[in-house]
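The values are calculated or read from the model by the stated rules, or taken from the named source; none is laboratory data. Since this is a predicted model, take the numbers as computed values, not measurements. Here Cβ is always computed from backbone atoms with ideal geometry, including for glycine, and neighbour counts include all displayed protein chains. The protein model used for the area step is the full one, side chains on, heavy atoms only, and it has no ligands, DNA or RNA in it. Shrake-Rupley method; radii C 1.70, N 1.55, O 1.52, S 1.80 Å.
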Amino acid sequence: RSLVGSEMCIRDSVYVVDYNNYRLLTWILQGNQYIYKNVTFKTDSSSSLKKPWAVYVDPASRLLFLTDHGKNTIRVYTPTGQMLDSFGKGFKWPSAIVITSGVAIVADTLKHRIQVYNSTLEDDSAKNDTHKFIVSIIINVGLALLFLTGFMIFRKLWPRYYEPRCRDKKNPKAPKPPGRGLFSWIRPTISYSHKELLRTHGVDAVIYIKWLKMAIILILIYSIVCLCVVWPVNATGTNKNKPATDPAHVTGIAILSLSNIERGSSRIWVHLIAMVINSVATYV
């Protein structure tokens, strides 16, 4: 009944809109024949589609772009029926849709116009990678500052819990207590020698502090190599400039990764050299 709009994707799938029954029919190629597959395409409220009209399947991402007359919007689905996104405001009977050069072109029938949108070709995790990365940095930096501030305040309020050895007057090996200022503990901590640490706290403390210093130095080396060499090389890669329909296209935080380096590019040698530098710094 009123089968409207069909699209074949890479010759292995056929999607047909069943307008009157509010559904999208799917056939999958198995062997040399197409087999009907029962896939339910739900909206974000888990209700059925309302007056779907046309479907476009992006060949690169295999995402389905479906025009919905009932809600006057465009819905984006995976082939399994999961809705990833919806877009478009002010539509009145959106009909045909096509994705080209990274944009969605939609025919807005009753308003007699064509609307153009940035297409949604990545899934939710890809779209939100940059946002998640920034949020994680803010949360971790915020927690670090919170714990550091708490330490500086509480060590002044309860010195016997934070400096028990310094307060033990009967112990001849008691270390000299740091000052009472908020930041007066930093310099004595950095300048505390291994010889003095061995005298006041024993071998275990010396080994732990040596391991901690080694880890800090290695992290600094890794960070310098990554921030000053690897990230700039990745950021100047060419995959970010490819059309959104290209499988190699990257966006967001992925621009700083190896994914932005074109296959066969000599820039890949930078990653090998960086790995060698980090390995030498670790084992030498």
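When A281 is tested against (1) open to solvent by 40 Å² or more (accessible area, probe 1.4 Å); (2) over 20 Å from the mean Cα position of the chain (by Cα); (3) at negative phi, just one condition goes unmet, and that condition is (1). Candidates are the residues of region 20-37 that are at pLDDT 75 or above and crowded, with 16+ Cβ neighbours inside 10 Å; the one that is farthest from T80 (Cα to Cα) is R23. Would you check if R155 is open to solvent by 100 Å² or more (accessible area, probe 1.4 Å) and under 23 Å from H201 (Cα atoms)? No; evaluated as a whole, the condition is false for this residue.
If you take the residues of region 1-14 that are touching a Pro at 6+ places or on another chain (Cβ under 9 Å) and open to solvent by less than 80 Å² (accessible area, probe 1.4 Å), which of them is modelled with the highest pLDDT? So the residue we want is S13.
Yes or no: region 245-266 includes at least one residue that is among the β-branched types (V, I, T), closer than 30 Å to S61 by Cβ and outside any loop (DSSP other than H, G, I, E, B). Checked region 245-266: at least one residue is among the β-branched types (V, I, T), closer than 30 Å to S61 by Cβ and outside any loop (DSSP other than H, G, I, E, B).
Scanning region 83-94 for residues being in contact with an Asp or Glu (Cβ under 9 Å, 6 or more places away or on another chain) and assigned to a loop (DSSP other than H, G, I, E, B) gives a total of 5. Among residues of region 136-155 being under 20 Å from the mean Cα position of the chain (by Cα) and small (G, A, S), the one that is modelled with the highest pLDDT is G142. Filtering region 70-97 down to residues that are surrounded by 16 or more Cβ atoms within 10 Å (Cβ to Cβ) and basic (K, R), which residue is farthest from V116 (Cα to Cα)? My answer is K71.
Residue-by-condition table, conditions (1) more than 22 Å from N278 (Cα to Cα); (2) open to solvent by 50 Å² or more (accessible area, probe 1.4 Å); (3) hydroxyl-bearing (S, T, Y):
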site: H194; (1), (2), (3): yes, yes, no
site: L198; (1), (2), (3): yes, yes, no
site: I207; (1), (2), (3): yes, yes, no
site: C226; (1), (2), (3): no, no, no
site: V229; (1), (2), (3): no, yes, no
site: P232; (1), (2), (3): no, yes, no
site: A235; (1), (2), (3): no, no, no
site: T238; (1), (2), (3): yes, yes, yes
site: G252; (1), (2), (3): yes, no, no
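Would region 232-241 turn up any residue that is in contact (Cβ under 8 Å) with a residue 24 or more places away in the chain and on the phi > 0 side of the Ramachandran plot? Among the residues of region 232-241, not one is in contact (Cβ under 8 Å) with a residue 24 or more places away in the chain and on the phi > 0 side of the Ramachandran plot, which makes the answer no. Pairing residues of region 168-179 that are closer than 15 Å to E196 by Cα and open to solvent by 70 Å² or more (accessible area, probe 1.4 Å) with residues that are outside any loop (DSSP other than H, G, I, E, B) and among the charged types (D, E, K, R), at Cβ distances under 8 Å and at least 6 apart in sequence or on separate chains, gives K173/R199. Residue check: I114 meets all listed conditions (1) in contact with a helix residue (DSSP H, G or I) (Cβ under 8 Å, 6 or more places away or on another chain); (2) modelled with pLDDT of 80 or more but one, namely (1).
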